[in-house]
Amino acid sequence: MSLPFCTAHTRPYRVGIGIGVLSWLVFAIVAQPLGITTALSEVSGGITTLFTGPDFVKANSYWSKTVPAIDYGTLFLIGTLLGGFMAAVLNREFKIELAPTVWSQHFGPSLIKRYGAALLGGFLTMYGARLAGGCTSGNGISGGLQLAISGWTFLVVMFGSGLATAFILFKRG
Amino acid sequence: MTFPITGDTALGLSIIFGIAFGWLLQRGKVTDYNVIVNQFRMTDFTVIKVMMTAIIVGGLGVLFLVDHGMATYHIKDANMLGVIIGSVIFGIGMVLYGYCPGTALAAIGTGSIHALVGSIGMLAGGIFYALTFDGFKDGLLKVWALGKVRLPDITGIADPVWFGGMAVLAVILFMMIERHENRTKA
(Lines give C-alpha, C1' and ligand atoms only; values in the text may rest on other atoms or scores of the structure.)
Protein backbone atom coordinates (compact mmCIF):
# COMPACT_ATOMS: atom_id res chain seq x y z
CA MET A 1 0.00 0.00 0.00
CA SER A 2 1.54 3.24 -1.10
CA LEU A 3 -1.15 5.76 -0.15
CA PRO A 4 0.26 8.31 2.29
CA PHE A 5 -2.50 7.60 4.83
CA CYS A 6 -1.73 3.88 4.86
CA THR A 7 1.27 3.81 7.19
CA ALA A 8 1.87 1.72 10.31
CA HIS A 9 1.27 4.94 12.19
CA THR A 10 -2.34 5.29 11.04
CA ARG A 11 -3.18 1.61 11.31
CA PRO A 12 -5.15 1.77 14.61
CA TYR A 13 -7.35 4.50 13.11
CA ARG A 14 -7.89 2.57 9.87
CA VAL A 15 -8.83 -0.55 11.86
CA GLY A 16 -11.19 1.57 13.99
CA ILE A 17 -12.85 2.87 10.80
CA GLY A 18 -13.11 -0.75 9.62
CA ILE A 19 -14.85 -1.85 12.82
CA GLY A 20 -17.16 1.16 12.58
CA VAL A 21 -18.12 0.32 8.99
CA LEU A 22 -18.57 -3.35 9.97
CA SER A 23 -21.08 -2.26 12.60
CA TRP A 24 -23.06 -0.32 9.94
CA LEU A 25 -23.25 -3.54 7.93
CA VAL A 26 -24.36 -5.79 10.78
CA PHE A 27 -26.94 -3.25 12.00
CA ALA A 28 -28.39 -2.81 8.50
CA ILE A 29 -28.05 -6.27 6.98
CA VAL A 30 -28.73 -8.71 9.82
CA ALA A 31 -30.18 -6.34 12.46
CA GLN A 32 -27.60 -7.39 15.05
CA PRO A 33 -25.09 -5.41 17.08
CA LEU A 34 -21.48 -6.66 17.31
CA GLY A 35 -21.15 -8.77 20.44
CA ILE A 36 -19.42 -11.81 21.92
CA THR A 37 -20.46 -12.81 25.43
CA THR A 38 -24.18 -13.51 24.94
CA ALA A 39 -23.16 -16.16 22.41
CA LEU A 40 -20.30 -17.32 24.65
CA SER A 41 -22.79 -18.02 27.44
CA GLU A 42 -24.77 -20.11 24.94
CA VAL A 43 -21.60 -22.14 24.40
CA SER A 44 -21.26 -22.46 28.20
CA GLY A 45 -24.82 -23.82 28.23
CA GLY A 46 -24.00 -26.25 25.44
CA ILE A 47 -21.00 -27.58 27.39
CA THR A 48 -23.12 -27.89 30.54
CA THR A 49 -25.65 -29.95 28.55
CA LEU A 50 -22.90 -32.52 27.89
CA PHE A 51 -22.54 -33.11 31.64
CA THR A 52 -26.06 -32.64 32.97
CA GLY A 53 -28.31 -33.46 30.02
CA PRO A 54 -30.62 -30.94 28.32
CA ASP A 55 -33.33 -30.77 31.01
CA PHE A 56 -31.08 -29.13 33.58
CA VAL A 57 -30.02 -26.41 31.12
CA LYS A 58 -33.58 -25.84 29.89
CA ALA A 59 -34.77 -25.42 33.49
CA ASN A 60 -32.08 -22.82 34.25
CA SER A 61 -33.56 -19.34 34.45
CA TYR A 62 -30.68 -17.76 32.50
CA TRP A 63 -30.30 -20.34 29.72
CA SER A 64 -34.08 -20.52 29.25
CA LYS A 65 -33.79 -16.94 27.91
CA THR A 66 -30.34 -17.22 26.30
CA VAL A 67 -30.98 -20.57 24.61
CA PRO A 68 -27.82 -22.49 23.64
CA ALA A 69 -27.98 -23.02 19.86
CA ILE A 70 -25.97 -22.85 16.67
CA ASP A 71 -27.26 -19.42 15.74
CA TYR A 72 -26.10 -16.05 14.45
CA GLY A 73 -24.14 -15.28 17.63
CA THR A 74 -22.29 -18.54 18.07
CA LEU A 75 -21.28 -18.67 14.38
CA PHE A 76 -19.94 -15.12 14.74
CA LEU A 77 -17.62 -16.45 17.48
CA ILE A 78 -16.25 -19.11 15.13
CA GLY A 79 -15.79 -16.44 12.47
CA THR A 80 -13.87 -14.17 14.87
CA LEU A 81 -11.45 -16.99 15.70
CA LEU A 82 -11.07 -17.85 12.01
CA GLY A 83 -10.55 -14.20 11.07
CA GLY A 84 -7.71 -13.87 13.58
CA PHE A 85 -6.17 -17.06 12.23
CA MET A 86 -6.45 -16.01 8.58
CA ALA A 87 -5.04 -12.53 9.19
CA ALA A 88 -2.13 -13.97 11.17
CA VAL A 89 -1.28 -16.67 8.63
CA LEU A 90 -1.68 -14.54 5.50
CA ASN A 91 0.43 -11.75 7.01
CA ARG A 92 3.03 -14.25 8.28
CA GLU A 93 2.39 -13.25 11.89
CA PHE A 94 1.07 -16.60 13.16
CA LYS A 95 3.13 -17.54 16.19
CA ILE A 96 2.60 -20.05 18.99
CA GLU A 97 2.85 -17.87 22.10
CA LEU A 98 3.05 -19.81 25.38
CA ALA A 99 3.38 -16.66 27.50
CA PRO A 100 3.59 -12.98 26.48
CA THR A 101 6.76 -10.90 26.97
CA VAL A 102 5.35 -8.20 29.27
CA TRP A 103 4.01 -10.91 31.57
CA SER A 104 7.30 -12.86 31.63
CA GLN A 105 9.32 -9.68 32.31
CA HIS A 106 7.28 -9.06 35.44
CA PHE A 107 6.32 -12.49 36.71
CA GLY A 108 9.03 -14.79 35.38
CA PRO A 109 8.92 -17.72 32.98
CA SER A 110 6.51 -19.94 34.99
CA LEU A 111 3.73 -21.07 32.66
CA ILE A 112 1.64 -22.29 35.62
CA LYS A 113 1.53 -18.72 36.95
CA ARG A 114 0.58 -17.30 33.54
CA TYR A 115 -2.10 -19.92 32.86
CA GLY A 116 -3.51 -19.51 36.39
CA ALA A 117 -3.84 -15.76 35.79
CA ALA A 118 -5.37 -16.36 32.33
CA LEU A 119 -7.93 -18.81 33.77
CA LEU A 120 -8.88 -16.48 36.61
CA GLY A 121 -8.86 -13.45 34.32
CA GLY A 122 -10.99 -15.24 31.73
CA PHE A 123 -13.45 -16.27 34.43
CA LEU A 124 -13.73 -12.71 35.76
CA THR A 125 -14.10 -11.07 32.32
CA MET A 126 -16.94 -13.41 31.40
CA TYR A 127 -18.70 -13.14 34.76
CA GLY A 128 -18.30 -9.37 34.80
CA ALA A 129 -19.45 -9.04 31.19
CA ARG A 130 -22.64 -10.99 31.86
CA LEU A 131 -23.39 -8.96 35.00
CA ALA A 132 -22.79 -5.73 33.06
CA GLY A 133 -24.82 -6.99 30.06
CA GLY A 134 -21.93 -7.18 27.59
CA CYS A 135 -18.19 -6.99 26.95
CA THR A 136 -15.89 -4.56 25.15
CA SER A 137 -17.66 -5.39 21.86
CA GLY A 138 -21.32 -5.60 22.89
CA ASN A 139 -21.35 -2.98 25.63
CA GLY A 140 -18.27 -0.89 24.83
CA ILE A 141 -18.28 -0.52 21.04
CA SER A 142 -21.90 -1.38 20.14
CA GLY A 143 -23.34 0.31 23.24
CA GLY A 144 -20.94 3.22 22.95
CA LEU A 145 -21.77 3.94 19.30
CA GLN A 146 -25.49 3.89 20.09
CA LEU A 147 -24.85 6.37 22.92
CA ALA A 148 -26.32 3.81 25.36
CA ILE A 149 -26.07 4.63 29.07
CA SER A 150 -25.04 1.02 29.80
CA GLY A 151 -22.29 1.21 27.16
CA TRP A 152 -20.70 4.45 28.37
CA THR A 153 -20.97 3.41 32.02
CA PHE A 154 -19.20 0.18 31.09
CA LEU A 155 -16.44 2.00 29.16
CA VAL A 156 -15.66 4.47 31.95
CA VAL A 157 -15.88 2.03 34.90
CA MET A 158 -14.07 -0.82 33.12
CA PHE A 159 -11.22 1.45 32.04
CA GLY A 160 -10.87 2.84 35.59
CA SER A 161 -10.90 -0.63 37.10
CA GLY A 162 -8.32 -1.85 34.56
CA LEU A 163 -6.02 1.14 35.24
CA ALA A 164 -6.15 0.45 38.98
CA THR A 165 -5.55 -3.29 38.49
CA ALA A 166 -2.60 -2.68 36.16
CA PHE A 167 -1.14 -0.16 38.61
CA ILE A 168 -1.25 -2.69 41.47
CA LEU A 169 -0.21 -5.70 39.38
CA PHE A 170 2.73 -4.10 37.56
CA LYS A 171 3.92 -1.54 40.10
CA ARG A 172 7.20 -3.40 40.69
CA GLY A 173 8.34 -1.80 37.46
CA MET B 1 -33.76 -8.08 -1.52
CA THR B 2 -35.24 -6.97 1.79
CA PHE B 3 -33.34 -6.17 4.93
CA PRO B 4 -32.73 -7.37 7.56
CA ILE B 5 -31.70 -10.75 6.18
CA THR B 6 -32.73 -13.67 8.39
CA GLY B 7 -32.57 -17.48 8.30
CA ASP B 8 -29.78 -19.53 6.78
CA THR B 9 -28.37 -16.65 4.72
CA ALA B 10 -27.89 -14.67 7.94
CA LEU B 11 -26.08 -17.64 9.48
CA GLY B 12 -23.65 -17.68 6.55
CA LEU B 13 -23.20 -13.94 6.76
CA SER B 14 -22.49 -14.17 10.50
CA ILE B 15 -19.38 -16.25 9.84
CA ILE B 16 -18.23 -13.71 7.22
CA PHE B 17 -18.86 -10.78 9.58
CA GLY B 18 -17.05 -12.71 12.32
CA ILE B 19 -14.06 -13.29 10.04
CA ALA B 20 -13.99 -9.57 9.19
CA PHE B 21 -14.08 -8.71 12.91
CA GLY B 22 -11.31 -11.18 13.83
CA TRP B 23 -9.25 -10.00 10.84
CA LEU B 24 -9.57 -6.34 11.91
CA LEU B 25 -8.65 -7.15 15.53
CA GLN B 26 -5.49 -8.96 14.40
CA ARG B 27 -4.50 -6.21 11.93
CA GLY B 28 -5.09 -3.63 14.66
CA LYS B 29 -2.64 -5.54 16.93
CA VAL B 30 -5.26 -5.81 19.69
CA THR B 31 -4.90 -9.60 19.61
CA ASP B 32 -1.53 -8.97 21.29
CA TYR B 33 -1.56 -9.31 25.10
CA ASN B 34 1.25 -6.75 25.37
CA VAL B 35 -0.69 -4.09 23.45
CA ILE B 36 -3.82 -4.48 25.62
CA VAL B 37 -2.02 -4.63 28.96
CA ASN B 38 0.21 -1.70 28.02
CA GLN B 39 -2.90 0.39 27.33
CA PHE B 40 -3.87 -0.09 30.98
CA ARG B 41 -0.26 0.71 31.97
CA MET B 42 -0.58 3.86 29.78
CA THR B 43 2.48 2.99 27.69
CA ASP B 44 0.60 2.03 24.48
CA PHE B 45 -2.49 3.78 23.16
CA THR B 46 -3.51 1.45 20.34
CA VAL B 47 -6.66 0.22 22.12
CA ILE B 48 -8.08 3.67 22.75
CA LYS B 49 -7.32 4.77 19.15
CA VAL B 50 -9.13 1.74 17.71
CA MET B 51 -12.11 1.96 20.06
CA MET B 52 -12.76 5.69 19.88
CA THR B 53 -12.50 5.68 16.09
CA ALA B 54 -14.83 2.66 15.85
CA ILE B 55 -17.39 4.27 18.17
CA ILE B 56 -17.47 7.60 16.33
CA VAL B 57 -17.42 6.20 12.76
CA GLY B 58 -19.83 3.40 13.68
CA GLY B 59 -22.11 5.74 15.62
CA LEU B 60 -22.45 8.32 12.84
CA GLY B 61 -23.31 5.63 10.30
CA VAL B 62 -25.78 3.84 12.54
CA LEU B 63 -27.41 7.20 13.42
CA PHE B 64 -27.87 7.82 9.67
CA LEU B 65 -29.30 4.32 9.15
CA VAL B 66 -31.72 4.66 12.06
CA ASP B 67 -32.84 8.15 10.95
CA HIS B 68 -33.58 6.76 7.47
CA GLY B 69 -35.45 3.69 8.71
CA MET B 70 -32.74 1.28 7.56
CA ALA B 71 -31.79 0.02 11.04
CA THR B 72 -33.05 0.02 14.61
CA TYR B 73 -31.18 0.48 17.87
CA HIS B 74 -30.29 -2.53 20.02
CA ILE B 75 -29.89 -0.94 23.43
CA LYS B 76 -28.99 -2.95 26.52
CA ASP B 77 -30.73 -2.44 29.85
CA ALA B 78 -28.97 0.06 32.07
CA ASN B 79 -29.24 -1.89 35.35
CA MET B 80 -26.78 0.54 36.82
CA LEU B 81 -25.65 -1.46 39.88
CA GLY B 82 -25.14 -4.58 37.76
CA VAL B 83 -23.32 -2.61 35.04
CA ILE B 84 -21.03 -0.91 37.55
CA ILE B 85 -20.14 -4.05 39.55
CA GLY B 86 -19.82 -6.10 36.36
CA SER B 87 -17.53 -3.49 34.76
CA VAL B 88 -15.26 -3.40 37.82
CA ILE B 89 -14.94 -7.21 37.74
CA PHE B 90 -14.43 -7.09 33.95
CA GLY B 91 -11.60 -4.54 34.24
CA ILE B 92 -9.75 -6.70 36.79
CA GLY B 93 -10.24 -9.78 34.64
CA MET B 94 -9.18 -8.07 31.42
CA VAL B 95 -5.82 -7.00 32.89
CA LEU B 96 -5.15 -10.47 34.39
CA TYR B 97 -6.13 -12.22 31.16
CA GLY B 98 -4.72 -9.55 28.85
CA TYR B 99 -7.71 -9.94 26.55
CA CYS B 100 -11.40 -9.17 26.41
CA PRO B 101 -13.66 -11.94 25.11
CA GLY B 102 -13.58 -10.84 21.43
CA THR B 103 -9.84 -10.18 21.23
CA ALA B 104 -9.24 -13.47 23.10
CA LEU B 105 -11.02 -15.50 20.41
CA ALA B 106 -9.13 -13.77 17.62
CA ALA B 107 -5.88 -14.19 19.60
CA ILE B 108 -6.45 -17.95 19.85
CA GLY B 109 -6.48 -17.90 16.05
CA THR B 110 -3.14 -16.09 15.99
CA GLY B 111 -1.53 -18.85 18.08
CA SER B 112 -1.84 -17.53 21.65
CA ILE B 113 -1.90 -20.60 23.92
CA HIS B 114 -2.56 -18.55 27.06
CA ALA B 115 -5.60 -17.00 25.34
CA LEU B 116 -6.83 -20.56 24.72
CA VAL B 117 -6.26 -21.53 28.37
CA GLY B 118 -8.09 -18.41 29.55
CA SER B 119 -11.04 -19.21 27.30
CA ILE B 120 -11.70 -22.25 29.52
CA GLY B 121 -11.97 -19.73 32.36
CA MET B 122 -14.41 -17.68 30.27
CA LEU B 123 -16.63 -20.70 29.63
CA ALA B 124 -16.50 -21.58 33.34
CA GLY B 125 -17.47 -17.98 34.13
CA GLY B 126 -20.43 -18.31 31.77
CA ILE B 127 -21.56 -21.50 33.50
CA PHE B 128 -21.11 -19.98 36.97
CA TYR B 129 -23.10 -16.91 35.92
CA ALA B 130 -26.05 -19.00 34.73
CA LEU B 131 -25.96 -21.06 37.93
CA THR B 132 -25.92 -17.95 40.15
CA PHE B 133 -28.35 -15.91 38.02
CA ASP B 134 -31.34 -16.60 40.30
CA GLY B 135 -29.41 -15.01 43.15
CA PHE B 136 -29.54 -11.52 41.65
CA LYS B 137 -32.04 -11.42 38.80
CA ASP B 138 -34.71 -10.00 41.11
CA GLY B 139 -32.28 -8.21 43.41
CA LEU B 140 -29.07 -6.62 42.21
CA LEU B 141 -30.18 -6.34 38.57
CA LYS B 142 -33.29 -4.42 39.63
CA VAL B 143 -31.37 -1.77 41.58
CA TRP B 144 -31.22 1.62 39.81
CA ALA B 145 -32.61 0.00 36.65
CA LEU B 146 -33.05 2.79 34.10
CA GLY B 147 -34.13 0.55 31.20
CA LYS B 148 -32.94 0.82 27.60
CA VAL B 149 -31.91 4.48 27.81
CA ARG B 150 -29.52 6.53 25.69
CA LEU B 151 -27.49 9.63 26.57
CA PRO B 152 -29.75 11.91 24.45
CA ASP B 153 -32.82 10.60 26.38
CA ILE B 154 -31.61 11.63 29.82
CA THR B 155 -29.72 14.80 28.86
CA GLY B 156 -31.96 16.25 26.16
CA ILE B 157 -28.81 16.87 24.10
CA ALA B 158 -29.29 15.71 20.49
CA ASP B 159 -27.29 12.88 18.88
CA PRO B 160 -25.30 15.02 16.40
CA VAL B 161 -24.12 17.26 19.27
CA TRP B 162 -22.85 14.20 21.14
CA PHE B 163 -20.98 12.91 18.11
CA GLY B 164 -19.65 16.36 17.22
CA GLY B 165 -18.34 16.80 20.76
CA MET B 166 -16.87 13.30 20.83
CA ALA B 167 -15.15 13.84 17.47
CA VAL B 168 -13.56 17.10 18.63
CA LEU B 169 -12.39 15.51 21.90
CA ALA B 170 -11.08 12.45 20.06
CA VAL B 171 -9.07 14.55 17.57
CA ILE B 172 -7.53 16.56 20.42
CA LEU B 173 -6.77 13.36 22.35
CA PHE B 174 -5.27 11.65 19.28
CA MET B 175 -3.07 14.68 18.55
CA MET B 176 -1.81 14.66 22.14
CA ILE B 177 -1.12 10.93 21.97
CA GLU B 178 0.71 11.21 18.63
CA ARG B 179 2.85 14.07 19.93
CA HIS B 180 3.61 12.09 23.10
CA GLU B 181 4.53 8.99 21.05
CA ASN B 182 6.80 10.96 18.71
CA ARG B 183 8.58 12.48 21.69
CA THR B 184 9.12 9.20 23.54
CA LYS B 185 10.25 7.39 20.38
CA ALA B 186 12.96 9.96 19.59
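The values are calculated or read from the model by the stated rules, or taken from the named source; none is laboratory data. Worth saying up front: this structure is predicted, and the values here are computed from it rather than measured. Heads up, the Cβs are rebuilt from the backbone with ideal geometry, glycines too, and the neighbour counts pull from every protein chain shown. In case anyone asks, the SASA skips ligands and DNA or RNA and just uses the protein heavy atoms, side chains included. Shrake-Rupley method; radii C 1.70, N 1.55, O 1.52, S 1.80 Å.
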Straight-line reach only, C-alpha to C-alpha below 16 angstrom: list the aspartates and glutamates that B:K137 could link to, leaving out same-chain residues fewer than 8 apart.
B:D77
Whole-Hz ³J(HN,Hα) for each residue in the range B:71-81, computed from phi via Karplus 6.51 cos²θ - 1.76 cosθ + 1.60 with θ = phi - 60°, x for glycine and proline: what do you get?
7, 10, 6, 10, 8, 8, 4, 8, 7, 4, 5
Leaving out ligands and nucleic acids, and using a 1.4 Å probe, what accessible area per residue does the protein assembly as shown come to in Å²?
44 Å²
Count the net charge of all other residues whose Cβ sits under 10 Å from the Cβ of A:G151, scoring Lys and Arg as +1 and Asp and Glu as -1.
+2
Using a cut-off of under 14 Å, list every residue of the range B:142-159 whose amide N is near the label point 7 Å from the Cα of B:L81 along the Cα-to-beta-carbon line.
B:142-146
May I ask you to derive the relative contact order of chain A, considering only C-alpha pairs under 8 Å and at least 6 residues apart, and to give it as an integer percent?
22 percent
Amide H within-cut-off set for B:S112, under 5 Å, with H built and near neighbours excluded:
A:E97
Exceeding 25 Å between C-alpha atoms, which entries from my cross-link table qualify? They are A:K113/B:K76; A:K58/A:K113; A:K65/B:K142; A:K95/B:K29; A:K65/B:K29.
A:K113/B:K76; A:K58/A:K113; A:K65/B:K29
When the Karplus curve 6.51 cos²θ - 1.76 cosθ + 1.60 is applied with θ = phi - 60°, which whole-Hz ³J(HN,Hα) does each residue of the range B:53-58 get, with x for Gly and Pro?
5, 4, 5, 6, 5, x
Taking every Cα atom in the range A:26-149, find the radius of gyration and the maximum pairwise distance Dmax, and write them in Å.
17.4, 48
Checking the cross-link filter: which aspartates and glutamates have an alpha carbon closer than 15 Å to that of B:K185, excluding same-chain neighbours under 8 positions apart?
B:D44
Evaluate peptide A:39-45: per residue, the Cβ atoms of other protein chains within 10 Å of its Cβ; return the mean as an integer.
6
Express the relative contact order of the range B:28-186 as a whole percentage, based on alpha carbon pairs under 8 Å and six or more residues apart in sequence.
30 percent
Shielding by partners - mean other protein chain Cβ count within 10 Å, residues of B:141-150
2
Built amide H within the under 5 Å cut-off of B:A145, gap 5+:
B:M80
